[in-house]
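What follows is a short report on a single structure.
The values are calculated or read from the model by the stated rules, or taken from the named source; none is laboratory data. Treat the numbers as computed from the prediction; the structure is a model and nothing was measured. Cβ placement follows ideal geometry from the backbone for every residue including glycine, while neighbour counts extend to all protein chains displayed. With ligands, DNA and RNA removed, areas are computed over all heavy atoms of the protein, side chains included. Shrake-Rupley method; radii C 1.70, N 1.55, O 1.52, S 1.80 Å.
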Amino acid sequence: TGGTRGIGYAIVKKYLENGAKVVLFGSRAETVEKALTSLKAENPDWPVEGAHPDLTNAEEMAKAIQDIQDQYGRIDILVNNAGITKDGLLMKMSEEDFDSVIDINLKGAFHTIRHMSRYFLKQRSGKIINISSVSGILGNAGQANYSASKAGVIGLTKSTARELASRGIQVNAIAPGFIETDMTDAMQAEAKERMTDAIPLKRIGKPEEIADLAVFLASAKSDYITGQVIAADGGMSI
Ligand code: NAD
C-alpha cells in the first residue's frame, strides 16, 4: 500500500529488482499511473500492476485482494506502508484529524492483514511487513494522532505475529526515523536542521535504506524473525 512514491515506491522497486511480481496500491488512479509509468521507464519487463482501492473501506480492500489472488494464484508478501500525517498540538487537534490518521495508518493495515491472512493461512506461509515509525516508539510533540497510529501498528504487528506464527507466517514492523520523502520535504529548513542534529548518525535516511530492510524481511533470510520492530533511524531511538 502507498507504493506510488517515497518509501513505498522504493520498496516496490527493490522488490522488482529482486524478482518479485508486485501490485502496488495508491490512493488515486493518476498517482498509480504515474508510478507505473516511471517503473516501466526503468524496465519495461518488470511485472508490476497497480490499483487504487479505498484503504479505509473493508469491502473495497477485500475485493482488491481477491482480484490479486484470482489473477496470480497466490500472494506471498504484504507491505502495509500507506500513511499520512496531520500534525498539530493535541489541544488544537480536531477529532477529524485524529480519526483520519488512525483510519489510514492503523485501520488500513488492519483491513489488509485481515483479508490477506486468510490466504496466508491456507498456504501456510506469508510475510507481513508493517511500516511504523520512530514516533510510535518515542512519541513526538505535535504528532499525537500519528504517534498513536504508529504505536498501534506495533501492537497490531505483535498480536498478529503471535496469532499467525504457528502457520509459518511472519509479521514484523519497520520503524523508520527521519527519511527523505515528500512527507518530510514539507518541513521547514530550520526544523529539518534541528531534527538532523538529533540523529546520532547526523544525516537523514534514504527511502532505499528502508527498502533494503523490507527486502530482508520479505526473504527467507528472516524466517526466524517475527513480532519484531526494527528501527532504521540512524540511532534516533537508542
Ligand atoms: P509519502 O507521503 O511520500 O507517501 C505516502 C504514501 O501513502 C503515498 O504513496 C500515498 O499515495 C499513500 N497514501 C496516503 N494516503 C492514502 C490512502 N488514503 N490510500 C492509499 N494510499 C495512501 O510518505 P513516506 O515518507 O514515503 O511514508 C511511507 C510510510 O513510512 C508511511 O507509513 C509513513 O508514516 C512512514 N514513515 C515515514 C517517515 C519519513 O520520515 N518519511 C518516517 C517514519 C515513518
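Considering only the Cα atoms of segment 22-145, their convex hull presents on average a projected area of 9.1 nm². Annotation for segment 1-62 versus segment 167-197: alpha-carbon center distance of 20 Å.
Against the chain, whose longest principal axis comes from its Cα atoms, helix 6-17 is set at around 30 degrees. Set the Cα radius of gyration of segment 140-198 against 2.2 N^0.38 Å, with N its number of residues, and you get 1.52. On C-alpha positions alone, give me the angle between the axis of helix 108-123 and the longest principal axis of the chain, in degrees, nearest 10. The angle comes out near 30 degrees. Amide H contacts of Leu24 (H built 1.01 Å from N, in plane; Pro and chain starts excluded): Glu49, Gly50, Ala51 sit under 5 Å, all sequence-distant by 5 or more or on other chains.
Both numbers refer to the Cα atoms of segment 166-218; Rg and Dmax are 14.5, 49 Å.
Can you tell me, using C-alpha contacts under 8 Å and at least 6 residues apart, the relative contact order of the chain as a whole percent? Contact order relative to length: 20 percent. For the residues Asp185, Asp76, a 1.4 Å probe over the protein chains yields an accessible-area ranking, largest first, of Asp185, Asp76. In this structure, the amide hydrogen of Ile230, modeled 1.01 Å from its nitrogen in the peptide plane, lies closer than 5 angstrom to those of Ala173, Ile174, Ala175, counting only residues at least 5 positions away or on a different chain. Heavy-atom accessible area with a 1.4 Å probe sorts His115, His52, largest first, into His52, His115. For Asn80, the residues 5 or more places off, or on other chains, whose built amide H falls under 5 Å of its own are Ile129, Asn130, Ile131.
Angle of helix 207-218 to the longest C-alpha principal axis of the chain, folded into 0 to 90 degrees and rounded to 10: 40°. In this Cβ point-charge picture (+1 for Lys and Arg, -1 for Asp and Glu), the chain has a dipole of about 840 debye about its Cα centre. Per residue of the chain, the DSSP helices (runs of n ≥ 4 H) give a summed -39500 (n - 2.57) that works out to -15000 deg cm²/dmol at 222 nm. A simple rule links phi to the HN-Hα coupling: the Karplus curve 6.51 cos²θ - 1.76 cosθ + 1.60 with θ = phi - 60°, which for segment 130-145 gives 9, 8, 9, 6, 4, 5, x, 9, 9, x, 7, 4, x, 9, 4, 5 Hz, with x for Gly and Pro. Here segment 82-238 is described by how far its Cα atoms reach on the three principal axes: 50, 36, 24 Å, from widest to narrowest.
Probe radius 1.4 Å, ligands and nucleic acids ignored: give me the carbon and sulfur share of the accessible area of the chain as a rounded percent.
52
When Asp223, Asp233 are compared by accessible surface with a 1.4 Å probe, the order from highest to lowest is Asp223, Asp233.
Rolling a 1.4 Å probe across all protein chains gives Tyr72 an accessible area of roughly 70 Å². Counting 0.36 nm for each residue step from Met195 to Glu30 and taking away their Cα separation leaves a gain of 56.1 nm.
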